[in-house]
Amino acid sequence: MGDSESVFIFRESDTDFRVRKAGHEIPILAFSPIEYPKSVDKKLASYFEQEISLIWKDVKYSNAKISPDIWKNKAGLTQELKSKDVDVLVLGSVTESDTGWTFKFELKDSVDAASYGDFELSFKRPVSSEEVGAWNQAIFWKSSDRVISLESKQTTVPVWDRKPDLTRIKEIVSSSIKGTLTVRASSGDTEILWKGKSLGNTPLTEVPIQEGIQDIQVILKGKKPVTKTIQVRAGKKSFLFQEWEEDRTLGSAKVITVPNGLSVSLDGYKQGETPFFRSNLTPGAYQLELLKESADGAYVYYEGILDVKPDRLVELALPYFGYGLLSELEFWKPSGEFGFSPFGPNGLEFAKKKNLSNGWNGVYSLPFIPEELEIEGYFLLPVDHGDGSVAVTFHLNGLSLGVVAGKEKVSIFQFPSDGKTLSTYKYLDVDKDIGRPFLFKTDLKNKKLSLYLGRDVVWQGDLPAGGLWTVSVLTRGEEFREKAPIKDLKILYKGYK
């Protein structure tokens, strides 16, 4: 299989209503009720809320009013948020002290509870005549032709101690309907346009961009402009990489780490930080170092050879603390038929435009550095798996060892082989609740590779020497697994921190 063509497929989500074709211009907020201390009566609580509401009057948002009773019912609240298409929950709390009251407000995503930011404000108890606040209250009687004041009185109330930064609140609210876009290209002169406006030249890192389906134009002088379509989910990261045809006598290099931020050194000279892209490199063997720099010095995470060849892109990954790999899109390369797309706003989310033939479609990781490590993940719950099948395969030098999960069973296979499945296992009862865990584990000292299902070793063999390693996540065409192919995936290098 070759790399798939660039195909954009919009994915609706059963569990994430914030995945949209068109995003909101003005965010929809839902304010939670505030639980006050018993010492705060209804009248004082009303005063606080009126004063705090003045903070919000200059902020652009739409208020989705939800009754206090619904906030107490988790299932009912989820349905109400979806029906009103709410973007953000504004969760308020108050603490009381001898000097006054402090309010904290946190703005969270309405689906996954990710935080967009928070702010605080406070009121103090009046302790002198100069600090006394007044709340005027009047009672009126209305006749047919006039309004008559019957009673007027003044009440002492708390005064402001610390008001929040209004600019900060506006920034938080604005960010709730945006994701971020990171764009890199093989040429640093590549210009990125969105809606006709230049975002700057690559590399662009986490530039805010409106949620929804967005067309990104990639421009390089002397080349035909390229338009790429992406789906931006508010609060999430999107990535693009543009590989231009360069001088065929030169080579290119791509080095990523999980997480990002290791320094890249070639032949003793610092070239930048990961994720690292460089084109127009003279072919040859470069001494590569990946370092973590600090005030106490530099810790070398990897030292080896980067072999650059003419008219080729050499790729290397070091997932040294590789949690959440399903959302690290730069770690994966698509593979499969035209009409298949593996990437969505939350990471690996398989989708198709047409019926696919009897073959495998999915992603391969970038080649990563051999070490003593564990590759761990979970297949979906059988009830969530449907009729689709998913294969997770660990590819080494001369050996591929894989696990295929379907609705009812898990099968183990290897290549090269005589074409027979090594073994097949039914789901345990506990797996029907948490999913089927799998684990590939290397032992460099004893040169062994082990495969676990749950706590049980189901395969063990010799660990091949040499070469880089990859891992693939694939689904079969006629048994296509929609959306998330597996629940989680992480690579843990032993000894790295």
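The values are calculated or read from the model by the stated rules, or taken from the named source; none is laboratory data. This structure is a prediction, so every number in the text was calculated from the model and none was measured. A quick note on method: Cβ atoms are made from the backbone with ideal geometry, for glycine too, and the neighbour counts reach across all protein chains shown. These area figures cover heavy atoms from the full protein model, side chains too; ligands, DNA and RNA do not enter into them. Shrake-Rupley method; radii C 1.70, N 1.55, O 1.52, S 1.80 Å.
Quick notes
- If the condition is being in a strand (DSSP E or B) and open to solvent by 20 Å² or more (accessible area, probe 1.4 Å), then region 313-359 contributes Leu313, Val314, Glu315, Phe321, Lys333, Pro334, Phe343, Glu349, Lys352.
- Checked against (1) within 30 Å of Ser472 (Cβ to Cβ); (2) in contact with a strand residue (DSSP E or B) (Cβ under 7 Å, 6 or more places away or on another chain); (3) open to solvent by 80 Å² or more (accessible area, probe 1.4 Å), Glu12 passes all but condition (2).
- Filtered residue count, region 224-252, keeping only those that are in a loop (DSSP other than H, G, I, E, B) and open to solvent by less than 40 Å² (accessible area, probe 1.4 Å): 3
- Here is the figure for region 253-311: residues that are open to solvent by less than 50 Å² (accessible area, probe 1.4 Å), of a type in the set (S, T, N, Q) and not in a strand (DSSP E or B) total 1.
- Just one residue in the set Gly467, Gly454, Gly435 is under 25 Å from Phe321 (Cβ atoms) and touching a Phe, Trp or Tyr at 6+ places or on another chain (Cβ under 6 Å); that residue is Gly435.
- Figure legend. Inter-residue proximity from region 93-114: first residues more than 19 Å from Ala45 (Cβ to Cβ), second residues of a type in the set (Phe, Trp, Tyr) and in a strand (DSSP E or B), beta-carbon distance below 9 Å, spacing 6+ or different chains. Indicated pairs: Glu106/Tyr116; Glu106/Phe119; Leu107/Tyr116; Leu107/Phe119; Lys108/Tyr116; Asp109/Tyr116.
- Residues (open to solvent by 50 Å² or more (accessible area, probe 1.4 Å) and touching a residue at least 12 places away in the same chain (Cβ under 8 Å)) located in region 453-465: Gln460, Asp462, Ala465
- Region 475-497 residues that are farther than 15 Å from Trp360 by Cα and surrounded by fewer than 19 Cβ atoms within 10 Å (Cβ to Cβ), paired with ones that are modelled with pLDDT under 85 and of a type in the set (Ser, Thr, Tyr) (beta carbon under 8 Å, 6 or more apart): none
- Yes/no for Phe17 being closer than 30 Å to Ser472 by Cα and not assigned by the TED database to the domain that holds Ser341: yes
- Residue pairs meeting the criteria (Cβ under 7 Å; at least 6 apart or on separate chains; first in the same structural domain as Leu381 (by the TED database), in region 438-449; second open to solvent by 50 Å² or more (accessible area, probe 1.4 Å) and in a loop (DSSP other than H, G, I, E, B)): Thr442/Glu372; Asp443/Glu372; Leu444/Glu372
- Total residues in region 35-64 satisfying the condition of being open to solvent by 30 Å² or more (accessible area, probe 1.4 Å) and either touching a residue at least 12 places away in the same chain (Cβ under 8 Å) or not in a loop (DSSP other than H, G, I, E, B) (or both): the figure is 18.
- A search for C-beta distances below 7 Å between a residue of region 73-91 that is closer than 12 Å to Arg18 by Cβ and any residue that is open to solvent by less than 80 Å² (accessible area, probe 1.4 Å) and acidic (Asp, Glu), counting only pairs 6+ apart in sequence or on different chains, returns Val88/Asp109.
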